[in-house]
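The values are calculated or read from the model by the stated rules, or taken from the named source; none is laboratory data. Quick caveat, the model's predicted, so the values are computed rather than measured. Using ideal geometry, Cβ is built from the backbone for each residue, glycine included, and neighbour counts are taken over all protein chains shown.
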Amino acid sequence: MTSFGTLLNNLINDTVQTSLCHFAPELALSATIILLLLLRLFGSADRWIPPYFTTLVGALVALGFCGTQLLDLLNSSKEPEPFFTGLLVFDHFGAFVRGLLALFLVLVVALTVLTGIPDREDGPDFYTLMLGSTIGMMIMASANHMLMFFVGIEMASVPGYAMVAFLKGNRKSSEAAFKYVVYGAGAAGVMLYGISLLTGILGTASLPEMANHLAIVLGDAGGAGTAEGRTVLLAVLMVLIGLAFKLSLVPFHFWCPDVFEGASAEVAAFLSVASKGAAFALLVRFCLALVGNNPDAYPDFTTGIGLGLGAIAAVTVTFGNLAAYSQTNVKRLLAYSTIAHAGFMLMAVSALMVVMSKGSSVKGFDVAEASRMCVEGLLFYLFVYLFMNLGAFAVVALLRNQTFSEEIDSFNGVGWQAPALCSCMVLCIFSLVGLPPLGGFWGKLVIFMSLFNIASNVHWFMWVLLVVGGANTVFSLFYYIRILKAMFMKEPLEDARTVEVPSTIGNYTLLIALPVLLLGLFPTWTTSLAHGVATWLIP
């Protein structure tokens, strides 16, 4: 038997020599949080060092670590490596998503500097919450154990509750935060109960080991019709409910419009992009853990889950687009847009589950390549979604400071007063619709291609998703165009303020919108990177 001293030495060596190195981006953000709190403690220090400067430097350091790790993985072809005793995993997929989150953090912090939310007094508190939430999202992207699954989600969620309520004295903000807390606590409770049931029945909480234990419960022990099988199915559904809440999927979307309307546009942008990226990364890891290396042992179980996710995706896309038609508040409209885009991305996960479960039964069909195409489409969509959605919310935040309103009517005629700013909005809106030659077009195209490939060879239900996705792409144009119509085709309101945009703000929006165009004109590099990451995730 190994002695306690030996175990302790092995733990220390693993932590110091391997784990801390892989955990460098999170450590950089943690050090930034400590520095912000120390500056707040000494009060006068933040007069000379603004909180946003400290946060921006820490975020850039974390982004540098993420970029270095991803390049090192791509160049050295390292195998996935568990760290912190297997709780987290260091691989290409996690490094890509963590880099995406770090890049987004840098851009959001820069936006808050331009808009003035938060002010210098509240800056340390606000940025501490944002950094803490980002650390939780990075843990979600690297989770290799159900413990980290739950810890990551809660670390990402709890600071978000406080950020939503950060507009002091704003009734809508306080109400939105209260709803977010109540709904979030309920979803977390359901998910935690599902995790306890799942790990209790399977006898393991490790994601890589889960499929082998599922094969015993569902394959050798009589399938999903047994008591154990039904309990596993219930547990998986409860875990998926927690993820559906984070992704604002129908019918767990009800918090999203109220929270986005009550929160500042900067916080809404952070929640709409960062939390979606981390939650989709976690959903992919969980789905791959369910499928495992031997999906033939219980194909009906995983296929049913994949089809169920597809049905939710179809309903989510349709509901999000239809509900957006009647909105008069831009943030609320973009909230329903966020719901719809979550549905589009969920289609890729649904296709992944179906093809990995049923694809091996089709002769001559390359299951691995089809699976990689699904992951590639999801990663590309997330990458371009970062810029186009952040750009839209950034324009709303910057115009809010000029017009003191976030209603669509308050944007009447501003296209001629701030042409650079509103031209960036045009690029972001048309990319959200999915029009060529913008990045959003290629994001949807790759997902639709994966659906077409699987529909033609594996399962007819993918035809339904393909038709629903194409139809909703057309539908979405009608409510998005309302924003542009107000900006360029309507006369300003009688009591409207004149919009004057400094050049610094114009340069920032150009920085956000330019990648949307470049990703559409030159998508090869990004698709190649996404395909390479998918190849390592699905050998």
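Looking for whichever is at pLDDT below 95 and closer than 30 Å to LEU288 by Cα here; the options are PHE53, PHE150. Which one fits?
Going through PHE53, PHE150 in turn, just one is at pLDDT below 95 and closer than 30 Å to LEU288 by Cα: PHE150.
Would you say GLU79 is charged (D, E, K, R), at pLDDT 90 or above and out of contact with any Pro (no Cβ under 7 Å at 6 or more places or on another chain)?
Taking the combined requirement at face value, the residue does not satisfy it.
Among the residues of the stretch 314-338, which ones are modelled with pLDDT under 95, buried (at least 24 other Cβ atoms within 10 Å of the Cβ) and farther than 22 Å from ARG400 by Cβ?
Result: GLY320, ASN321.
Of everything in the stretch 132-162, what is more than 29 Å from GLY200 (Cβ to Cβ) and either surrounded by 24 or more Cβ atoms within 10 Å (Cβ to Cβ) or under 15 Å from the mean Cα position of the chain (by Cα) (or both)? Give them in sequence order.
Within the stretch 132-162, SER133, THR134, GLY160 meet the criteria.
For the stretch 291-308, enumerate the residues that are within 19 Å of GLY229 (Cα to Cα), out of contact with any Lys or Arg (no Cβ under 9 Å at 6 or more places or on another chain) and surrounded by fewer than 24 Cβ atoms within 10 Å (Cβ to Cβ).
Hits for the stretch 291-308 are GLY292, ASN294, ASP296, ALA297, ASP300, PHE301, GLY304, ILE305, LEU307, GLY308.
Does the stretch 56-79 hold any residues that are crowded, with 18+ Cβ neighbours inside 10 Å and of a type in the set (Gly, Ala, Ser), and which are they?
If the condition is that a residue be crowded, with 18+ Cβ neighbours inside 10 Å and of a type in the set (Gly, Ala, Ser), then GLY58, ALA59, ALA62 are the ones that fit.
Scan the stretch 480-490 and give yes if some residue there is touching a residue at least 60 places away in the same chain (Cβ under 8 Å) and within 25 Å of the chain's Cα centre (by Cα), otherwise no.
Checked the stretch 480-490: at least one residue is touching a residue at least 60 places away in the same chain (Cβ under 8 Å) and within 25 Å of the chain's Cα centre (by Cα).
Name the residues in the stretch 486-511 that are more than 25 Å from VAL317 (Cβ to Cβ) and assigned to a helix (DSSP H, G or I), would you?
MET487, PHE488, MET489, SER503, THR504, ILE505, GLY506, ASN507, TYR508, THR509, LEU510, LEU511
Give the number of residues within the stretch 314-363 that are closer than 21 Å to SER456 by Cβ and free of Cβ contacts under 8 Å to residues at least 40 places away in the same chain.
1
Does the stretch 415-435 hold any residues that are modelled with pLDDT under 85 and either touching a helix residue (DSSP H, G or I) at 6+ places or on another chain (Cβ under 6 Å) or within 19 Å of PHE478 (Cα to Cα) (or both), and which are they?
GLY415, ALA420
Kindly indicate whether LEU521 is out of contact with any Cys (no Cβ under 7 Å at 6 or more places or on another chain), touching a residue at least 24 places away in the same chain (Cβ under 8 Å), surrounded by fewer than 15 Cβ atoms within 10 Å (Cβ to Cβ) and within 26 Å of GLY443 (Cβ to Cβ).
yes
Applying the selection to the stretch 499-534, what residues are closer than 23 Å to PHE93 by Cβ and within 21 Å of the chain's Cα centre (by Cα)?
Scanning the stretch 499-534 gives PRO515, LEU519, PRO523, THR526, THR527, SER528, LEU529, ALA530, HIS531, GLY532, VAL533, ALA534.
Conditions (1) surrounded by fewer than 18 Cβ atoms within 10 Å (Cβ to Cβ); (2) more than 24 Å from GLY377 (Cα to Cα); (3) touching a Lys or Arg at 6+ places or on another chain (Cβ under 9 Å), marked per residue:
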{"residue": "CYS21", "(1), (2), (3)": "yes, yes, no"}
{"residue": "GLU26", "(1), (2), (3)": "no, yes, yes"}
{"residue": "ALA31", "(1), (2), (3)": "yes, yes, no"}
{"residue": "PRO50", "(1), (2), (3)": "yes, yes, yes"}
{"residue": "THR54", "(1), (2), (3)": "no, yes, no"}
{"residue": "GLU81", "(1), (2), (3)": "yes, yes, no"}
